[in-house]
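The values are calculated or read from the model by the stated rules, or taken from the named source; none is laboratory data. None of these values were measured; they are calculated from a predicted model. Here Cβ is always computed from backbone atoms with ideal geometry, including for glycine, and neighbour counts include all displayed protein chains.
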Amino acid sequence: MSLLSRRGVSSERIARSLLKKMGYQILEKNKKIVLEGTQVFEVDLIAKDESGEMYCVEVKAGKISVSDIRQAYANSKVLGLKPLIVCKGYSDKATEVLAKELNVKVLLFPEYYCLIEPEDLYCIVREAVKDVLEEYGLISLSILDNLSRREVKVLKSISESESFNECAKSLGTSLEKVGEHISLMREKGLLRKADGYDGIRRQAKRIIFFLEVLEELEEIKKSIKSILRKLESKNVEK
């Protein structure tokens, strides 16, 4: 999924949470509108407020423009519902004026929702790591994702040892077995042919470094999710 798609999914999830806290009931999401056998548009959400009023809801990750107001208004007319947009604000004064003129209800995301979503951060950093790996012709990120625990253990041992003998000793195995592990990882594309142990060790160190970056990224994502949950909880209390 692209970063743009991720942002759209995250925004819709946040919008649903916001609407529910305001007393709206989410009836449908990503509703495809078909006229005369042809899909003409898709509505992000169909919601009902506490008074029973039905809304055609559009969710925008950023600020809305005049065209967004017109589209929301037109879509709601087709469905016979009231128009509602959840967004981060108006792009200009004309947009705000038109929204009032057409009775398009606009709800703004709370300020803390402007924080980057954990999934977005994870995607951005993973793409950066992938670009570095590809630019220097090191290794495919997909290969790193499929490393076995045994392979990681061997790579760590290679990166921390000064020689084949020391590596074999740290793994509690023979030189022959270490050679077999290295051959298998070369076949898999993890390691390349190198002159002597130092060349293999440098490759192993790079791989371990990128693995540590990805592990730290997972921890960052968990921390951000925890922070967002606390912020949402405080918002409910208010």
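With buried (at least 17 other Cβ atoms within 10 Å of the Cβ), more than 29 Å from the chain's Cα centre (by Cα) and not basic (Lys, Arg) as the only criterion, which of 98, 45 stands out?
Answer to the check: 98.
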Report summary line: Given the conditions (1) under 26 Å from the mean Cα position of the chain (by Cα); (2) under 22 Å from residue 21 (Cβ atoms); (3) not in a strand (DSSP E or B), every one holds for residue 52 apart from (1)
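Could you list, in sequence order, the residues of region 193-216 that are of a type in the set (Lys, Arg) and either within 29 Å of the chain's Cα centre (by Cα) or under 15 Å from residue 156 (Cβ atoms) (or both)?
Restricting attention to region 193-216, the residues satisfying the condition of being of a type in the set (Lys, Arg) are 193, 201-202, 205-206.
Hits for region 193-216 are 201, 202, 205, 206.
Examine region 140-152 for a residue that is under 33 Å from the mean Cα position of the chain (by Cα) and over 25 Å from residue 127 (Cβ atoms), and state whether such a residue exists.
If we filter region 140-152 for residues that are under 33 Å from the mean Cα position of the chain (by Cα), which is where we start, we get 140-152.
Narrowing further to those that are over 25 Å from residue 127 (Cβ atoms): 149-150.
Yes: region 140-152 contains one or more residues that are under 33 Å from the mean Cα position of the chain (by Cα) and over 25 Å from residue 127 (Cβ atoms).
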Query - Matching residues in region 14-34 - criterion: being in contact with a strand residue (DSSP E or B) (Cβ under 6 Å, 6 or more places away or on another chain), among the aliphatic types (A, V, I, L, M) and at pLDDT 90 or above - result: 19, 26, 27
Query raised in the report: Is there any pair with a first residue in region 77-91 that is within 19 Å of residue 56 (Cβ to Cβ) and touching a residue at least 60 places away in the same chain (Cβ under 8 Å) and a second that is aliphatic (A, V, I, L, M) and part of a strand (DSSP E or B) whose Cβ atoms are under 9 Å apart and which are 6 or more apart or on different chains, and what are they?
Result: 86/45; 86/57; 86/59; 86/106; 86/107; 86/108
**Report entry** Some residue of region 73-81 being outside any helix (DSSP H, G or I), among the aliphatic types (A, V, I, L, M) and within 27 Å of the chain's Cα centre (by Cα)
**Finding:** no
